[in-house]
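J.: This is the structure, below, for whatever I ask next.
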Amino acid sequence: MAKRNPSYDFTWCPGCGDFGVKRAIERALTARASEKQEPIENSVIVAGIGCSGNLVHLQEGPQPFGIHGIHGRTLPIAYGTKSANPDLNVLVVSGDGDFLSIGSEHIAPQARRNLDITVVVMDNGIYGLTKGQASPTTDLEEITPTTKYGKLDDRMNPLMVYLGGGARFIISELSTRIRPLQQAIEDAMNYPGFSIVHVQSPCTTYNDTYAALKGDEANGIKALAQPIADSHDASDYFQALALAAQPGVPVGVLYKADNSVPAHDRLTQAKQKAGIASTDIEKLFDGMVI
Amino acid sequence: MSKNLVVRFAGEGGQGVVGGSELMASAAAESGYHVLTFATYPSQIKGGPAWGQARISSEPILTPGDSLDVLVCQNEYAYDANLPELSDQGIIVYNSQEFEIEHPRALALPTDDMAREAGNARAGTIVMIGAVAKAVGFSLEALESFITARWDRGRPGDAAIIEGNIKALHLGATAADESGFEIAQVDPPVEEPDARERILIRGYEAACLGAMAAGVDVFIGYPISPATTMLTYMESNLNGDGKFVGQASSEIESIAALIGAGFTGKKTMTSTAGPGLSLMGEGLGLAWMSEIPLVVADVQRGGPATGLPTKTEQSDFIMAMNPGHGDMSLPVIAPGNVEEAFWATAKAVNWSERYQGPVILLTEMSVAERAQDIERPDTSLISQESRSISDGSVENRRYEGEGVSPFPVPGGPGAYVANGSEHDEQGDTTHLADVHIQMTERRFAKLKTLNDGTFEAENPTASIAIMPWGGSKGSGRGAWQELTSEGIDIGWYYTMYLNPLPEELLAELRTKDKVLVPELNYMGQFAGHLRQLGVAAETINQYTGLPWRISDLKEEIKGHLS
């Protein structure tokens, strides 16, 4: 079994939230392999470009396959991988710049297919690797190298984007909660359809939100991150919408559609119904004989 | 009697002018003739000037034809615009309920009324086909049986439509008979008893079938003129275990999805046109960099930007070779006609597997949309090539060595990262100069495996030669034949394999005083490439959105001989 390259020297900044996400993914993939009795090579990590994408090279222990592609195109790459071989477990890792800015055009199309993949978005609210420019999830009025007068564009609400785009399983998590995050990723990989685990993964260099997420109850500062109440019915789309629209970061399962037929099953069923036979080239030529 | 007949149906989009020419060609093919169609139309569903043309011949056909024997006009604009191309003895058939003309050889038909009389108001074009058939002495029985087959679609109204269409055919024929118009009739077809079966096939169908014969598994594309027909043909016909056809949300998605699919070990392909190929640039760089086999068929149209979506041009050659940033040189195969579209596409799939990277099938509207009768391809002549799969013995060192190496497939051993950043042997990112040098040279070295390109060479001792590429082959060949028969000493060279060029061909071209390259672009793109390779190439170009006429090309060549 392949191991990680010991000489690979890329690293994240100390305290980067992505370390926690990496750990959770390693554990989730290992647990899945042992639970399903399948080799870890049955999993493919499709990584975007940015700090987050480097996660694919930093996996420790047993190695899954990986694709480290081009900026913003994780979802269409995953579309091809999963469609070509539905038996593979396909995991996308991406960041708020890669997934929600340059890559945002791909969310709704792949969600509407109900492509059976899991996306882990590491949201640090900033472009880290290019040194601190505003991203879609940077707060309004934030001053960055590209927002000299403070950010003028409203902050994107990614959970609303996912719900609007048609994602069927949406979990909002924190990079500091490694065990619940591992469980969330495992659940998402087991879900038969398009699932997203959106993780607040702070950038200690350009946008350190650890304190804000945690709050300081003793001094009357409410935590930005709030657990989703047990009373929330995650199977109810409208409850999910209402919760996502509120300020702050909900933590837990936001939405989980009960009925989910993944893309490859839809195709198989449609072809069975239509009675489509395998291609016979000679028959196609026969129809053209003059 | 004459060797061949060219019939053009001209009118507006939606008036059945393309369908009319194809019906005429199909019926002629059924009767044993060689046929070739060509159409030009605006990028809109209804309206706008459009025409479809069928060339019918007792001999094999190279081009859609230089001048018209029959011009069928639905409106006055069609008449005015197309009349200059009518031959001296040519006749006109026109809808006299649309306009009136004064012309000594024009047959006026009130086709709207005649279609209604036949019981199918939409059969106006068929009335005209009947008249044309009679005027050229063409078998009405063949047309009847063709109409019956074409409209027998298993629907309740079929019988009435067939009956109406056949009646319309005869009404047109009778009107032509009574008018007394007739033109030189075409020679009967030549029987070729020992030949393989013949089929009537379009360029895009031939390309798709070539890909299937080479074992393509996955086809993902996005609608774009004039390449959509390949996507829809695959959607209908590429089926079976492990096969997948999908519609992406953009060409950016198509190419990314092919990379994701090719990564799993599958043979993949997409079709697009210039604007789509532009969007695929970065993705093609990723495929080159991460060494993922795939095939992109570029059906060229007029450019740049939206350009001329439904016209033909050969202006994507430079982009086909270098579609993205950075050092890369993609293999390019350009079929010259419908028959070659089959073999070229099969070869493109094989090449992509052999060198483990992207291959461009560079075709064009006039080849892809053309229907032509060809010898039924013998698919047993295609030996499917498949990338060698890693058995895990090199563990994750997927990019080890100086050439093509075994390909690890997800689910099996050898997990690595297919990386678009410069990478070491196991796919991890690196910026080290020595690794970038080694990997760059590795990627180019793999092209050396593509050394089986063939070429045509005739009269190789001549110091001046012509060498057309792609769809300019037919007219180039026609012009060369005529010049040669006039006693002009000129060589003929042709290959589908534009990059890398067959080495022996390049060596011969370098010995010439002059190599004339007919091509449909302003820049002389292929001629420029040949000059870079040390060939004294001169471009002969036009950019009308239409293919060469043999007569025009011949004159142009003569101008370059002195």
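The values are calculated or read from the model by the stated rules, or taken from the named source; none is laboratory data. Keep in mind that what you see is a predicted model, and the values were worked out from it rather than measured. FYI the Cβ positions are ideal-geometry reconstructions off the backbone, even for glycines, and counts take in every protein chain you see. Side chains are part of the model used for accessible areas, which takes the heavy atoms of the whole protein and leaves out ligands, DNA and RNA. Shrake-Rupley method; radii C 1.70, N 1.55, O 1.52, S 1.80 Å.
J.: Would you call B:Gln74 open to solvent by less than 30 Å² (accessible area, probe 1.4 Å), of a type outside the set (A, V, I, L, M) and within 30 Å of B:Ala195 (Cα to Cα)? Step through it out loud before you land on a result.
T.: Values: open to solvent by less than 30 Å² (accessible area, probe 1.4 Å): yes; of a type outside the set (A, V, I, L, M): yes; within 30 Å of B:Ala195 (Cα to Cα): no.
The answer is no for B:Gln74.
J.: Where the second residue is among the aliphatic types (A, V, I, L, M) and the first is more than 9 Å from chain A (Cβ to nearest Cβ) and lies in the stretch B:405-432, which pairs have Cβ atoms under 8 Å and are six or more apart or on separate chains?
T.: Qualifying pairs under 8 Å: B:Ser405/B:Val394; B:Pro406/B:Ile389; B:Pro406/B:Val394; B:Phe407/B:Ile389; B:Glu422/B:Met289; B:Glu422/B:Val435; B:Glu422/B:Met439.
J.: Looking at the stretch A:121-141, which of the residues that are in a strand (DSSP E or B) and open to solvent by 30 Å² or more (accessible area, probe 1.4 Å) is farthest from B:Gly246 (Cα to Cα)?
T.: Here is the first cut: in the stretch A:121-141, the residues in a strand (DSSP E or B) are A:121-123, A:127, A:133.
From what is left, the residues that are open to solvent by 30 Å² or more (accessible area, probe 1.4 Å) are A:127, A:133.
Values: A:Tyr127: 33, A:Gln133: 36 Å.
Among those residues, the one meeting the criterion is A:Gln133.
J.: Mind listing just one residue for me: the one in the stretch A:253-279 that is at pLDDT 95 or above, surrounded by 10 or more Cβ atoms within 10 Å (Cβ to Cβ) and assigned to a loop (DSSP other than H, G, I, E, B) and, of those, nearest to the other protein chains (Cβ to nearest Cβ)?
T.: A:Pro262
J.: State all residues of the stretch B:230-262 that are open to solvent by less than 10 Å² (accessible area, probe 1.4 Å), out of contact with any Ser or Thr (no Cβ under 7 Å at 6 or more places or on another chain) and under 20 Å from A:Gln272 (Cα atoms); if no residue qualifies, say none.
T.: Of everything in the stretch B:230-262, just one residue is open to solvent by less than 10 Å² (accessible area, probe 1.4 Å), out of contact with any Ser or Thr (no Cβ under 7 Å at 6 or more places or on another chain) and under 20 Å from A:Gln272 (Cα atoms), namely B:Met234.
J.: So, one more: Which residue is surrounded by the fewest Cβ atoms within 10 Å (Cβ to Cβ), if the candidates are limited to the stretch B:191-222 and must be of a type in the set (A, V, I, L, M, F, W, C) and under 26 Å from B:Thr148 (Cα atoms)? Write out each step before concluding.
T.: Quick first cut of the stretch B:191-222, residues of a type in the set (A, V, I, L, M, F, W, C) only: B:195, B:199-201, B:206-209, B:211-214, B:216, B:218-220.
Okay, now just the ones that are also under 26 Å from B:Thr148 (Cα atoms), so B:199-201, B:206.
Numbers: B:Ile199: 23, B:Leu200: 21, B:Ile201: 27, B:Ala206: 30.
Among those that are of a type in the set (A, V, I, L, M, F, W, C) and under 26 Å from B:Thr148 (Cα atoms), it is B:Leu200.
J.: Can we say B:Ala159 is in the same structural domain as B:Leu23 (by TED's automatic domain parsing), modelled with pLDDT under 90, of a type in the set (A, V, I, L, M, F, W, C) and open to solvent by 40 Å² or more (accessible area, probe 1.4 Å)? Reasoning before the result, please.
T.: Numbers: in the same structural domain as B:Leu23 (by TED's automatic domain parsing): yes; modelled with pLDDT under 90: no; of a type in the set (A, V, I, L, M, F, W, C): yes; open to solvent by 40 Å² or more (accessible area, probe 1.4 Å): yes.
No, not satisfied.
J.: Which one of these is under 20 Å from the mean Cα position of the chain (by Cα), open to solvent by 10 Å² or more (accessible area, probe 1.4 Å) and in contact (Cβ under 8 Å) with a residue 24 or more places away in the chain: B:Gly265, B:Gly285, B:Gly276, B:Gly303? Don't jump to the end; show me each part of the working.
T.: Working: B:Gly265 fails: under 20 Å from the mean Cα position of the chain (by Cα); B:Gly285 fails: under 20 Å from the mean Cα position of the chain (by Cα); B:Gly276 fails: open to solvent by 10 Å² or more (accessible area, probe 1.4 Å).
The match here is B:Gly303.
J.: Here's a follow-up. Open to solvent by less than 10 Å² (accessible area, probe 1.4 Å) and either in contact with a Leu (Cβ under 7 Å, 6 or more places away or on another chain) or over 15 Å from B:Val295 (Cβ atoms) (or both), is that true of B:Ala227? Walk me through it before giving the result.
T.: Working: open to solvent by less than 10 Å² (accessible area, probe 1.4 Å): yes; either in contact with a Leu (Cβ under 7 Å, 6 or more places away or on another chain) or over 15 Å from B:Val295 (Cβ atoms) (or both): no.
No: the conditions fail for B:Ala227.
J.: Further question: Determine which member of the set B:Ser87, B:Ser96, B:Ser57 is within 22 Å of B:Ala27 (Cα to Cα), hydroxyl-bearing (Ser, Thr, Tyr) and open to solvent by less than 50 Å² (accessible area, probe 1.4 Å).
T.: On the way: B:Ser87 fails: within 22 Å of B:Ala27 (Cα to Cα); B:Ser96 fails: within 22 Å of B:Ala27 (Cα to Cα).
Only one candidate passes the filter, namely B:Ser57.
J.: I've got another one for you. Go through the stretch B:189-216 and report how many residues are free of Cβ contacts under 8 Å to residues at least 60 places away in the same chain and facing chain A (nearest Cβ under 7 Å).
T.: As a first pass, look at the stretch B:189-216 and keep what is free of Cβ contacts under 8 Å to residues at least 60 places away in the same chain: B:192-194, B:205, B:212.
Narrowing further to those that are facing chain A (nearest Cβ under 7 Å): B:212.
Qualifying residue count for the region: 1.
J.: Right, something else. Tell me, please, whether a residue that is open to solvent by 50 Å² or more (accessible area, probe 1.4 Å), without any contact (Cβ under 8 Å) to a residue 40 or more places away in the chain and either more than 30 Å from B:His34 (Cα to Cα) or touching a Leu at 6+ places or on another chain (Cβ under 6 Å) (or both) can be found in the stretch B:372-380.
T.: no
J.: Mind listing just one residue for me: the one in the stretch B:22-47 that is under 23 Å from B:Glu364 (Cβ atoms) and modelled with pLDDT under 85 and, of those, least open to solvent (accessible area, probe 1.4 Å)?
T.: Of everything passing the filter in the stretch B:22-47, B:Pro42 is least open to solvent (accessible area, probe 1.4 Å).
J.: Do the conditions hold for B:Gln438, that is, is it more than 30 Å from B:Ile199 (Cα to Cα) and modelled with pLDDT of 95 or more? Before the answer, list the steps.
T.: Numbers: more than 30 Å from B:Ile199 (Cα to Cα): yes; modelled with pLDDT of 95 or more: yes.
Spelling it out, B:Gln438 is indeed more than 30 Å from B:Ile199 (Cα to Cα) and modelled with pLDDT of 95 or more.
J.: Could you say which residue among A:Ile45, A:Ile77, A:Ile40, A:Ile126 is over 25 Å from B:Glu253 (Cβ atoms) and facing chain B (nearest Cβ under 10 Å)? I'd like the intermediate steps shown before the answer.
T.: On the way: A:Ile45 fails: over 25 Å from B:Glu253 (Cβ atoms); A:Ile77 fails: over 25 Å from B:Glu253 (Cβ atoms); A:Ile126 fails: facing chain B (nearest Cβ under 10 Å).
Matching residue, one of A:Ile45, A:Ile77, A:Ile40, A:Ile126: A:Ile40.
J.: So which strands (runs of 3 or more DSSP E) are wholly in the stretch B:1-58 and hold at least 2 residues that are small (Gly, Ala, Ser) and within 18 Å of B:Pro309 (Cβ to Cβ)? Quick ask: steps written out before the conclusion?
T.: Numbers: elements: B:4-12, B:34-40, B:49-57.
Fully inside the stretch B:1-58 and qualifying: B:49-57.
J.: So, of the residues in the stretch A:210-252 that are under 17 Å from A:Leu181 (Cα atoms) and open to solvent by 60 Å² or more (accessible area, probe 1.4 Å), which turns out to be farthest from the chain's Cα centre (by Cα)?
T.: Going residue by residue through the stretch A:210-252, those that are under 17 Å from A:Leu181 (Cα atoms) are A:210, A:213-214, A:225-228, A:249-252.
After this cut, where a residue has to be open to solvent by 60 Å² or more (accessible area, probe 1.4 Å) as well, the list is A:210, A:214, A:226-227.
Working: A:Tyr210: 20, A:Lys214: 22, A:Gln226: 20, A:Pro227: 20 Å.
Among residues in the stretch A:210-252 that are under 17 Å from A:Leu181 (Cα atoms) and open to solvent by 60 Å² or more (accessible area, probe 1.4 Å), the one farthest from the chain's Cα centre (by Cα) is A:Lys214.
Each row is one residue, and each column tells you yes or no for (1) of a type in the set (S, T, N, Q); (2) under 29 Å from B:Gln53 (Cβ atoms).
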site: B:Glu339; (1), (2): no, yes
site: B:Lys347; (1), (2): no, no
site: B:Arg354; (1), (2): no, no
site: B:Ser366; (1), (2): yes, yes
site: B:Glu395; (1), (2): no, no
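J.: Moving to a separate point now. Mind checking which residues of the stretch B:337-371 are surrounded by fewer than 24 Cβ atoms within 10 Å (Cβ to Cβ) and of a type in the set (Phe, Trp, Tyr)?
T.: Of everything in the stretch B:337-371, those that are surrounded by fewer than 24 Cβ atoms within 10 Å (Cβ to Cβ) and of a type in the set (Phe, Trp, Tyr) turn out to be B:Trp343, B:Tyr355.
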